[in-house]
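Working notes for the structure below.
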Amino acid sequence: MKNHSVVLVPIRQSEKVVVNHRLTQIIQIMLIFLSTAVYGVEELKPLDFPPEIVLEPKSHKKAIALSLLVPGLGEQYMGNKKDAIRAYLIEGSIWFTYFGFRWYAGVLKNDYMLYAHANSGAKMGEGGDYYDTVEWYESLDDYNEYIRQEAREIYPKDKYPEDARERQLKYIEENSMPESLKWDWSISNGKWKGYRNLRKEKREVLQRASYCVGAAILNRLISAIIASHEPPRYGLIIKPNGFKVFFTLK
């Protein structure tokens, strides 16, 4: 087999670099093994030398985009496995915690609905606005009285002398609640406070879940910064007779 020099052409450099004789021999041996694996010993094809060797640099922009998509992908792309694993673990922990908080908030919601039903007669399965009202008003009568008072304040007779009463009745009809949604905490001997505490705890849990979303965004930014500051890396592509061998160089 004849010995030839191998031309190394980095993308970031315009001049050609001559690879030494030993590297050429190593590449030849590698390609022979690869050819054997692909074609078999009996069908081993002769290789033309020198092979074409091209250095392709890893893109920092791509690394940043990967890190913003999934923290750790950018570092892995740049070859930094240690920071990649760290980012993966942090990201997994963040979302595990987030869904844990969301699950617990669901448990608390079920608890306060049952609690309100058992201690005030509140109806089960209503929307969030209803349970907000049950939290802030002792009974349905108190809430509807507040609506009537509010209607008189919004539509006073001196401002609407001709149709104040009609406007007030319309407002009351649109905002008051029917008897079918009745509740009354006065019958439960102080249990109203326990309901409000359950509602407060649920809000706090959901707030912690929102912190997890912020932490996930922060993790992406940190991952992108780390990936953008990784030292340049290159992929070495060797193309003898169509073969492509890819590995990375720092």
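The values are calculated or read from the model by the stated rules, or taken from the named source; none is laboratory data. Here the structure is a predicted model, which means the values were calculated and not measured. Quick reminder, even Gly has a Cβ in these numbers, built from the backbone with ideal geometry, and neighbours come from all protein chains shown.
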- Message: Residues that are in contact (Cβ under 8 Å) with a residue 60 or more places away in the chain and within 14 Å of Asn219 (Cα to Cα): does the stretch 76-85 have at least one?
- Response: yes
- Item | Where a residue in the stretch 188-199 is under 11 Å from Ala116 (Cα atoms) and its partner, wherever it lies, is part of a loop (DSSP other than H, G, I, E, B) and not aromatic (Phe, Trp, Tyr), with Cβ under 8 Å and at least six apart | Trp192/Glu138
- Quick count over the stretch 185-195, residues being of a type in the set (A, V, I, L, M, F, W, C) and surrounded by 14 or more Cβ atoms within 10 Å (Cβ to Cβ), is 2
- Among the residues of the stretch 125-144, the number that are touching a strand residue (DSSP E or B) at 6+ places or on another chain (Cβ under 8 Å) and outside any helix (DSSP H, G or I) is 2
- Query: Identify, please: which residue in the stretch 92-113 is surrounded by 14 or more Cβ atoms within 10 Å (Cβ to Cβ) and small (Gly, Ala, Ser) and is, among those, farthest from the chain's Cα centre (by Cα)?
  - Reply: Ala105
- Query: Taking the stretch 80-91 as the search range and keeping residues that are surrounded by 15 or more Cβ atoms within 10 Å (Cβ to Cβ) and not acidic (Asp, Glu), which one is nearest to His229 (Cα to Cα)?
  - Reply: Asn80
- Task: Could you please tell me which pairs satisfy a Cβ distance under 7 Å, a separation of 6+ or placement on different chains, a first residue in the stretch 121-136 that is farther than 17 Å from Gly106 by Cα, and a second residue that is of a type in the set (D, E, K, R) and surrounded by 11 or more Cβ atoms within 10 Å (Cβ to Cβ)?
- Result: Gly121/Lys182; Gly121/Asp184; Glu135/Arg196; Glu135/Arg199
- Item | Failed condition for Lys182, given (1) surrounded by fewer than 13 Cβ atoms within 10 Å (Cβ to Cβ); (2) touching a residue at least 40 places away in the same chain (Cβ under 8 Å); (3) not small (Gly, Ala, Ser) | (1)
- Item | Residue satisfying condition, being β-branched (Val, Ile, Thr), more than 43 Å from the chain's Cα centre (by Cα), at pLDDT 90 or above and part of a helix (DSSP H, G or I), within set Ile187, Ile172 | Ile172
- Message: Quick check on the stretch 55-67. Is at least one of its residues surrounded by fewer than 18 Cβ atoms within 10 Å (Cβ to Cβ), at pLDDT 70 or above and farther than 16 Å from Ile225 by Cα?
- Response: yes
- Query: How many residues, within the stretch 69-82, are assigned to a helix (DSSP H, G or I) and touching a Ser or Thr at 6+ places or on another chain (Cβ under 8 Å)?
  - Reply: 3
- Odd one out for Ala122 among (1) surrounded by fewer than 16 Cβ atoms within 10 Å (Cβ to Cβ); (2) assigned to a loop (DSSP other than H, G, I, E, B): (1)
